[in-house]
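Quick notes on the structure that follows.
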Amino acid sequence: MANYELLEEIEKFGRENKIPILLDDTLEYISKILNDVKPMRILEIGTAIGFSAICFSKYLAPEGRIDTIEIESLRVEQALENIEKVGVQSKIRVLEGDALDILPYLNEEYDVIFIDAAKGKYLEFFEHALRLCKKGGYIIADNVLYKGMVQSDYNKHKQRTAVNKLRSFIDMVLQNKNLESKLIDIGDGLTVSKMIEK
């Protein structure tokens, strides 16, 4: 039996160590979608310490599975430890490496794809997500407003590239005719797209 009570401890560790962790209102919003969908397959791009994947595993259909991709070895180690501690290792497969190297080799269709990794690569991640998402499935991207910078005129030179790429990403998502998409101003901004045509 999975011990989801340990999630509080994992979340606390993430917050204290400034590891990106899903914000409560964002998690609540995504959880409602997952509860409706009861997904068989979820793909997550950006595992961090496994917090979101463990949260999502509550909503999987029986025999459902999550594939989650993480580039940093230390995070992979922490995620595997947390997944095992909670007892959901049969539901979550952690793939270590750069998502842009791994995604081309994935060829099954997913009910839900969650993007929460390098902001400057969202456009590329999304191209892969379009191929891998099944009809009727969802592609969700977190942190798309990037601390409000995407919607403001001011951005520091260092952040400008990421901000411009995220603006292009949002435009691409909202204009795609095969998707029913919305930009939701909760947490750090979320795009939610339903694949209506393949």
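The values are calculated or read from the model by the stated rules, or taken from the named source; none is laboratory data. All figures in this text were calculated on a predicted structure; none of them were measured in a lab. Glycine gets a Cβ as well: all are built from the backbone with ideal geometry, and neighbour counts include every protein chain shown. Only protein heavy atoms, including side chains, enter the accessible area calculation; ligands, DNA and RNA are left aside. Shrake-Rupley method; radii C 1.70, N 1.55, O 1.52, S 1.80 Å.
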Cα-centred dipole magnitude for the chain, charges only on beta-carbon of K, R (+1) and D, E (-1), debye, nearest 20: 600 debye
Leaving out ligands, DNA and RNA, what percent of the accessible area of the range 2-121 is carbon and sulfur, probe 1.4 Å? 49 percent
Given 51, 3, 39, which one lies farthest toward the positive end of the charge dipole of the range 1-133, if we put +1 on the Cβ of every Lys and Arg and -1 on the Cβ of every Asp and Glu? 39
What is the range 26-114's relative contact order, in percent, from Cα pairs under 8 angstrom and six or more apart in sequence? 36 percent
Any idea what diffusion coefficient the range 20-97 gets from Stokes-Einstein, in µm²/s, Kirkwood Rh on alpha carbon pairs, 25 °C, 0.890 mPa s? 198 µm²/s
By a straight-distance test (C-alpha under 20 Å), which lysines pair with residue 12 as possible cross-link partners, with residues fewer than eight away in the same chain excluded? 58, 85
Hey, which aspartates and glutamates would be in cross-link range of residue 121, C-alpha to C-alpha under 20 Å, not counting anything within fewer than 8 residues on its own chain? 44, 67, 70, 72, 96, 98, 101, 142, 171, 188
Long-range amide H partners of residue 92 with built H, under 5 Å: 66
With no solvent and one equal point scatterer placed on each C-alpha of the range 1-154, evaluate the Debye formula and give log10 I(q)/I(0) for q = 0.10, 0.12, 0.15 Å⁻¹, two decimals. -0.33, -0.47, -0.76
The range 41-149 - accessible surface per residue (Å², probe 1.4 Å): 40 Å²
Percent RCO, i.e. relative contact order, over the chain, from Cα pairs under 8 Å lying at least 6 residues apart: 18 percent
Cα to Cα, under 22 Å, and not fewer than 8 places away if on the same chain: which lysines meet these conditions relative to residue 198? 38, 134, 135, 177, 182
Give, in whole angstrom and from largest to smallest, the semi-axes √(5λ) of the equivalent ellipsoid of the range 101-146, with λ running over the eigenvalues of the Cα gyration tensor. 18, 13, 7
